[in-house]
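Contents: one structure, followed by commentary.
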Amino acid sequence: QVQLVESGGGLVQPGGSLRLSCEASGIRFSIYSMGWYRQAPGKQRELVAAIAPGGSTNYASSVLGRFTISRDNTKNTVFLQMNSLKPEDTAVYYCNARLVGRDGYWGQGTQVTVSS
């Protein structure tokens, strides 16, 4: 039984910050690549940030310098620190766990709303 549970979403003003968490169970967490995706109404789901088992990261250009992804393998948790939030960051944010060459697992999503 695999479960990814996100938390930390909410409503913030432009320029504000949020920290998202995703706790995983049912997988060997340390060997999975972890990612954060987001989907706004009427738009495709897009990769926001990802972190590999060895700690390497990559970010969407739209969030580079504002968002930071990290992981704590002792807690089976991946984080997304979001700073300098913009209205265009408004979306449902999803946690993903994946092994190279395989389909992955998804969390239920958490809403992030940045007011205008």
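The values are calculated or read from the model by the stated rules, or taken from the named source; none is laboratory data. Because the structure is predicted, anything quoted here is derived from the model rather than measured. Every residue, glycine among them, receives a Cβ derived from its backbone with ideal geometry; neighbour counts consider all protein chains shown. Side chains are part of the model used for accessible areas, which takes the heavy atoms of the whole protein and leaves out ligands, DNA and RNA. Shrake-Rupley method; radii C 1.70, N 1.55, O 1.52, S 1.80 Å.
Judged by the mean number of other Cβ atoms found within 10 Å, the most tightly packed of the peptides 84-93, 46-55 leads the ranking 84-93, 46-55.
Exposed loop sites here mean trypsin sites (Lys or Arg not before Pro) with a DSSP loop assignment and at most 16 other beta-carbon atoms within 10 Å; the chain contains its longest site-free run at 1-27.
Magnitude of the Cβ-charge dipole of the chain, K/R +1 and D/E -1, about the Cα centre, nearest 20 debye? Present the calculation step by step, with values, prior to reporting the outcome.
Values: 11 positive and 7 negative charges, 27 e Å.
That gives a dipole near 140 debye.
Distances between placed amide hydrogens fall under 5 Å for G16 paired with L85, all partners being 5 or more residues away or on another chain.
Net charge dipole, the stretch 59-116: roughly 160 debye, given to the nearest 20, about the Cα centre with Cβ charges of +1 for Lys and Arg and -1 for Asp and Glu.
Protein heavy-atom accessible surface, 1.4 Å probe, per residue over the stretch 19-116: 52 Å².
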